[in-house]
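Down below is the structure, laid out as structure tokens.
Just so it is clear, none of the values below were taken in a lab; they were calculated from the coordinates. A quick note: this is a predicted structure, and the numbers were derived from the prediction, not measured. Cβ placement follows ideal geometry from the backbone for every residue including glycine, while neighbour counts extend to all protein chains displayed.
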Amino acid sequence: MTSEALEKELSQGKLNSIYLLYGEETYLLETAVKKIKKLFGEKVTGINYIELDEETIKNLIQEIQMPCFGYDKKMVVVKNSGLFKKEAKKKANSPVKEVRDNLEEYLKKNAEDVMQRIILIFIEDTVEKLNITKTIESIGRSIM
């Protein structure tokens with residue numbers, strides 16, 4: 001999907017459940033994230049709004065599974081996680097590799113549930129073609 005198509009979708013008030021936003025155009029990425037957040041509505045950190053990064057990525061599936069009390073949906077924003085880089089794939093006991101493998105399996109098995117309860121946004125500098133990338137592209141939106 002192009003950034004123009006995303007812009008059109010967001011201007012029409014349409015939110016998808018999973019976004020993979022990446023590339024060097026940080027202004028475009030930040031603008032898209034701001035629009036998604038605005039459409040999402042009220043965000044209460046720790047309840048229906050969670051931010052994760054490479055240091056806290058091991059909590060991703062737990063955060064996806066945990067219900068957000070008092071709200072219909074939860075937004076989970078993951079920044080520069082390393083999930084979409086091959087180098088983490090090579091490190092056999094890397095927590096990123098384990099999370100990637102578990103996330104891919106979880107999304108395949110629970111895509112419908114995730115799409116009903118979660119807005120999941122990945123913001124990455126670079127994305128390589130891995131199985132997790134293909135899985136997310138098949139379920140959600142991937143914007144470069």
task: Subtract the Cα-Cα distance of E112 and E9 from 0.36 nm times their separation in residues, and report this length gain in nm to one decimal.
output: 35.0 nm
- request: Express in nm, to one decimal, how much length is gained between D125 and K34 on full extension, taking 0.36 nm for each residue of separation and deducting their alpha carbon distance.
  value: 31.0 nm
task: Loop sites only, by DSSP: take the trypsin sites (Lys or Arg not before Pro) in the chain that have at most 13 other C-beta atoms within 10 Å and name the longest stretch containing none of them.
output: 15-90
statement: By Cβ neighbour count within 10 Å, fewest first, F40, F122 rank F40, F122
- line: Least to most buried among T31, T135, by other C-beta atoms within 10 Å and fewest first, runs T31, T135
- prompt: By count of other Cβ within 10 Å, fewest leading, how are M1, M75 ordered?
  reply: M1, M75
15 Å beta-carbon shell around P67, net charge (K/R +1, D/E -1): 0
When each of K8/K86; K38/K97; K34/K58; K43/K86; K43/K109; K34/K129 is checked by Cα-Cα distance, pairs over 29 Å: K8/K86; K38/K97; K43/K86
